[in-house]
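Encoded as structure tokens, the structure appears first; notes follow it.
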Amino acid sequence: MIRTFGTGSVCARLLTQGSKYAACRAAHHSGSFDVAVIGGGIVGLASARELILRHPNLTFTLLEKEKELSLHQTGHNSGVIHSGIYYTPGSLKAQLCVRGAMLTYQYCQKKGVPYKKCGKLIVAVEREEIPRLKALYERGQVNNVQDLRLIDAKAIREKEPYCRGIMALDSPNTGIVDWRLVALTYGKDFQEAGGTVITDFEASDIKLAAESPAGSAEGLKYPIIIKSAQGKEVRCRFVLTCGGLYSDRLSEISGCSSEPRIVPFRGDYLVLKPEKNYLVRGNIYPVPNPRFPFLGFHFTPRMDGSIWLGPNAVLAFKREGYKLFDFDAQDFVNAVSFRGLQRLVMKNIVYGMGEIYRGVFTSAQVKNLQKFIPELSTSDVLRGPSGVRAQALDAEGNLVDDFVFDGGKGELGSRILHIRNAPSPAASSSLAIAEMIADELEKRFQL
């Protein structure tokens, strides 16, 4: 049974007012703050919210380069609330996802944000996948994921009548939500607590002030200057960057390391035609293949009633390039000249070529999906939206699979915390990540 919670009016109200809401500023904006958070995606907003709730006597601002909040990774993801099955026991990803999912459900219930506990089946369609499926079940148990069970072919059909498989892992507490709406609600909490959101502010330089602002009697109380590409300035005592696709560049402009490097991967979805939505009830995922770096094609219901199929994973030629021919010369050169990407490609060249082929030919994507739902045909799908994933890579071509914090040297470095990598499932984990980031800031900056 699909469980639905929340009120649609909340969703409509926040999203229709998103532009006006995102751009609002404090009436008496002084330009100086105790802490500046750079990045208005879900991790930045969750962190800003957590910090201001913990420290209401400090002043906070959140700086976002777009005119609205959460337009990129947060606004282009699958919308799944992950339960924490896949991740290495004891890793931050595992701990934060399990706790984050619990906090997300509590938060959405409290705030009236609509969500659905539609569940997920991880389906084995070949005998050789069963040992890996059973290992996932054991991993989920160790990670304290609740209510997991292994089910047979008959039970699969009872939950998903059109799905075929020989065994599946049933995760009833996996859900779906509109993550951009969640992020905007975090931002609303932040502003109502006294925080200042400044949009259309693309941070282009972070440096120490040489002298006090003209007419200021505060000395160097706010020693850091953040300059925007448009020439605006904000002063602060401490900086937290949650730059997502630009986390490496924000680190570089503050004098910190350029690695791990962010390489953008675009994922293209297909969408079921509305008259075929009956084919899918909940999330249907394949058993992950450990030889390949991504989870593979899956079926994902959305809060608006649509069903997304995919995604593939191909190199994006622009960090915010959601279309096939989007191109940025700097982004492209930075990616292909990086030794880490070159090594990743060489290790996965066959897989990578297959992803490109499936991205071009819809029939190739559908052929993969038919392993799970044989009734599906190419005429049942349309090309859908795309998202771009900020994949952190090291110089050896390894995917950086856990969270990375980075500061720097000297006076400036000691006042900055960069969130260099907040990998999927960062949205599901966002409230738990925010707790961890706030703890780290308190320890480093003695807030």
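The values are calculated or read from the model by the stated rules, or taken from the named source; none is laboratory data. Keep in mind that this is a model prediction, so the values were computed, not measured. Because the Cβ atoms are built from the backbone with ideal geometry, glycine has one as well, and the counts that use them run over all protein chains shown. Remember, those area values only see protein heavy atoms, side chains included, never the ligands or the DNA or RNA. Shrake-Rupley method; radii C 1.70, N 1.55, O 1.52, S 1.80 Å.
Only one of these is at pLDDT 95 or above, part of a loop (DSSP other than H, G, I, E, B) and either over 30 Å from His298 (Cα atoms) or not polar (S, T, N, Q) (or both): Asp189, Asp200. Name it.
Details: Asp189 fails: part of a loop (DSSP other than H, G, I, E, B).
Within the list Asp189, Asp200, the selection yields Asp200.
Which condition does Lys154 not pass, out of (1) open to solvent by 20 Å² or more (accessible area, probe 1.4 Å); (2) outside any helix (DSSP H, G or I), if it passes all the others?
Every listed condition holds for Lys154 apart from (2).
Tally time: how many residues in region 101-124 are surrounded by fewer than 17 Cβ atoms within 10 Å (Cβ to Cβ) and either more than 24 Å from the chain's Cα centre (by Cα) or not in a helix (DSSP H, G or I) (or both)?
Counting residues in region 101-124 that are surrounded by fewer than 17 Cβ atoms within 10 Å (Cβ to Cβ) and either more than 24 Å from the chain's Cα centre (by Cα) or not in a helix (DSSP H, G or I) (or both) gives 1.
Please work out if Asp200 is of a type in the set (Asp, Glu), out of contact with any Cys (no Cβ under 7 Å at 6 or more places or on another chain) and farther than 30 Å from Lys409 by Cα.
Criteria not met by Asp200.
Table: residues versus (1) open to solvent by 50 Å² or more (accessible area, probe 1.4 Å); (2) modelled with pLDDT of 95 or more; (3) in a helix (DSSP H, G or I).
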{"position": "Ala27", "(1), (2), (3)": "yes, no, no"}
{"position": "Asp34", "(1), (2), (3)": "no, yes, no"}
{"position": "His72", "(1), (2), (3)": "no, no, no"}
{"position": "Gly75", "(1), (2), (3)": "no, no, yes"}
{"position": "Tyr87", "(1), (2), (3)": "no, no, no"}
{"position": "Gln95", "(1), (2), (3)": "yes, no, yes"}
{"position": "Arg99", "(1), (2), (3)": "yes, yes, yes"}
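Listed residues Asp331, Asp268; which is among the acidic types (Asp, Glu) and under 23 Å from Pro374 (Cα atoms)?
Residue meeting the stated conditions: Asp268.
Can you tell me how many residues in region 351-409 are more than 29 Å from Leu96 (Cβ to Cβ), charged (D, E, K, R) and open to solvent by 40 Å² or more (accessible area, probe 1.4 Å)?
5
Cβ-Cβ distance below 8 Å, separation of 6 or more or different chains: which pairs start in region 42-70 with a residue that is under 18 Å from Lys232 (Cβ atoms) and end on one that is acidic (Asp, Glu)?
Thr59/Asp34; Phe60/Asp34; Glu64/Asp200; Lys65/Asp200; Lys65/Glu202; Glu66/Asp200; Lys67/Asp200
Each row is one residue, and each column tells you yes or no for (1) among the aromatic types (Phe, Trp, Tyr); (2) open to solvent by less than 40 Å² (accessible area, probe 1.4 Å); (3) in contact (Cβ under 8 Å) with a residue 40 or more places away in the chain.
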site: Thr174; (1), (2), (3): no, yes, yes
site: Asp178; (1), (2), (3): no, no, yes
site: Ile206; (1), (2), (3): no, yes, yes
site: Tyr222; (1), (2), (3): yes, yes, yes
site: Leu240; (1), (2), (3): no, yes, yes
site: Ser247; (1), (2), (3): no, yes, yes
site: Pro260; (1), (2), (3): no, yes, yes
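Need at least 2 residues that are touching a residue at least 24 places away in the same chain (Cβ under 8 Å) and among the small types (Gly, Ala, Ser) per element, so show me which strands (runs of 3 or more DSSP E) inside region 295-407 make the cut, counting only ones lying wholly within it.
Those strands (runs of 3 or more DSSP E) span 381-393.
Of the numbered conditions (1) surrounded by 15 or more Cβ atoms within 10 Å (Cβ to Cβ); (2) among the small types (Gly, Ala, Ser); (3) modelled with pLDDT of 90 or more, Gly296 fails exactly one; give the number of that condition.
For Gly296, the exception is condition (3).
Can Arg164 be described as farther than 21 Å from Ala434 by Cα and in a loop (DSSP other than H, G, I, E, B)?
Working: farther than 21 Å from Ala434 by Cα: yes; in a loop (DSSP other than H, G, I, E, B): yes.
Yes, satisfied.
State yes or no: is Arg164 under 26 Å from Phe403 (Cα atoms), in contact (Cβ under 8 Å) with a residue 60 or more places away in the chain and open to solvent by 70 Å² or more (accessible area, probe 1.4 Å)?
No, not satisfied.
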